[in-house]
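The values are calculated or read from the model by the stated rules, or taken from the named source; none is laboratory data. Note that this is a predicted model, so its numbers are computed, not measured. Note that we place each Cβ from the backbone using ideal geometry, even for glycine, and neighbour counts take in every protein chain shown. SASA here: full protein model, heavy atoms, side chains in, ligands and nucleic acids out. Shrake-Rupley method; radii C 1.70, N 1.55, O 1.52, S 1.80 Å.
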Amino acid sequence: MQSYEDAVSFLGNWGPFQRRVFILLSLLSIPCGYVVLSVIFLLAVPPHHCSIPVSSNLSQDWIQASIPEKHVAGKLERSSCSRYRLDLVLNLSAGEDSLHVDHVQNLSVLLAQVPSSDMMLEGCRDGWIYCKQYYQSTVVTEFNLVCSDQWKQPLVSLLYFVGGLCGCFISGQMADRFGRKPTLFGSLLILTISSTAATFAPSFPVFTVLFMLMGFSQMAIYITIFVLGSETLIGSTRVLFCSLCLPFVYNTAVVMLPCTAYLVRNWRHLTLLIAVPGLACLPLFGLIQESPRWLVSCGRLEEAERLLRSAALQNRVEPPAVIFHSSMVEKTEKEKSETYNFFHLMRIKKIRPIAFILWVIWLSTSLSFFGISFNLSSLDGSPFITYILSSAVDFPGYTVSWLTAGYFPRRLSYIGCTLVSALALFLLQITMHSSTTLTLVLALLGKFGILAAIGVIYVYTGELFPTVIRNTAMSSCAMFARLGSSVSPYLMQLAVFYEFLPWIVVASLSLVVSLLCAFLPETFRQPLPDTIQELKPIQMFKWPCRNGPTSKDDLRPDAPEVLRSTRF
């Protein structure tokens, strides 16, 4: 029976047509990569303290002394959400001469004579003064999302990632029904419009809705590009695109945002610039073609043949007289009649334990990855340099994940990467206050390990599930990954209870998922399962790196090719 790869093999693996698709789809990933870290810079919380109104006519010394100080992590810092009662300060300043105070440096000395210390403090009734060392303005500083309203800042981050979760689910349904191309450019249009509109957001609720749409479109763009590229390209070109080229271009765009944020310190101007890559990519609509494979699956063979004959003309090859035989149409109809859905992952006994383990792994790994990214902002030093270095670490991470997926067992690769991350994050607690440089290196090493693990688990997941339900299973895992990233903004809030608690949680999650991975069956150099019956059971209480002998009969030469990719 004819397969799609057999039908389009006359095009070859590499030619002008493939180069065109390769380059154009990689360029289209720039808008979604450029926006992914926007949540960190737009919602940054600079150091702040209570504002003292000018009408109080206090001297600079008294204004400085009006803010109480407290010890935080061994350092003396000014209070962010309270000040000494202004009427009390005014009375003391009026009697400054009688108190024989020439230069007031610490008002607490003068207030020691006040019997009720609980009555000495009040909230920031006149607003806040924000440090402008790194940011001229952010969403937090403009809408005052601090102190009693500080819960709104992680809420916006949560809704941004919830938007990505919805984009992961809805874009897949839209792409399957209306096509990859309209879904891709529709998402680009949404990103461009929502980012431009967010620049002029007059209130916090309006910005939140628009920012959620930005998260929705960011995830939808990347998924659609990945699917369109993997369906259009075949052979080694498809592997290279999915595993190296697309992630590298995507991450280049990620690195570009901290550089832009360093030059543009106003959040409204930065939001407007985020819309530029999407706007620049919209004219590419006429150069991108629909997925021929999707057209075939919909029974639109004439359109698919027309696109493939155009591709053959670009590659200067002669297409066959009939590209798709009747047997392929029959196969497509048969596959449609046996389609599985999400609920089969929980209903089928043989799949259920593997699905549950992978859902926990994807959720925890994504939570750890974004948790590290958010916690990097708590380290000393310039946030721009920190995140440029953090994004640059992704390049070797992508390379390592690709190499480990090609040459080492899946469980050993994943467990090794997560253990490296866990060890680095546990050691980080020792160096946090002794060496800023070493602390940053350990944090970046932790992120490197998690990123490499993400690349491995993506390949591993695709190899574990049978062909008949692989797409549904991968989409479900991606949704759990988005759920993990949605919770990640709240990790930083755990520092209120214990300074190192966010890092401990991330490191502990790496250890837990390493243990869970040990129960999954090994798939390295094994044929891909095509049916539920070929699915291997989970490994109960076996050494994770031990692989049983593989029968020669199990290694089918016609096994489907494994795509290597890093992440959505």
With the condition kept exactly as written, say whether any residue in the stretch 297-316 is modelled with pLDDT of 80 or more, of a type in the set (S, T, N, Q) and within 25 Å of V35 (Cβ to Cβ). no
Within the stretch 269-303, residues assigned to a helix (DSSP H, G or I) and more than 34 Å from the chain's Cα centre (by Cα) come out as L301, E302, E303
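Collect the residues in the stretch 489-508 that are open to solvent by 60 Å² or more (accessible area, probe 1.4 Å), part of a helix (DSSP H, G or I) and either at pLDDT 75 or above or more than 19 Å from L363 (Cβ to Cβ) (or both), keeping them in residue-number order.
Residues of the stretch 489-508 that are open to solvent by 60 Å² or more (accessible area, probe 1.4 Å), as a first pass: 490, 492-493, 496-499.
After this cut, where a residue has to be part of a helix (DSSP H, G or I) as well, the list is 490, 492-493, 496.
Result: V496, single match.
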Within the stretch 126-218, helices (runs of 4 or more DSSP H) holding 2 or more residues that are touching a Ser or Thr at 6+ places or on another chain (Cβ under 8 Å): 152-178, 180-199
List the residue pairs whose Cβ atoms are under 8 Å apart, where the first residue sits in the stretch 237-257 and is within 16 Å of Y458 (Cβ to Cβ), the second is among the β-branched types (V, I, T) and open to solvent by less than 30 Å² (accessible area, probe 1.4 Å), and the two are 6 or more positions apart or on different chains. S243/T566; L246/I225; P247/T566
Looking at (1) open to solvent by less than 20 Å² (accessible area, probe 1.4 Å); (2) modelled with pLDDT of 85 or more, which is the only condition F204 fails? (1)
Kindly indicate which of L427, L345, L412, L419 is more than 24 Å from F41 (Cα to Cα) and crowded, with 20+ Cβ neighbours inside 10 Å. L345
Residues to consider are F178, F216; find the one that is over 18 Å from C298 (Cα atoms), open to solvent by 10 Å² or more (accessible area, probe 1.4 Å) and at pLDDT below 90. F216
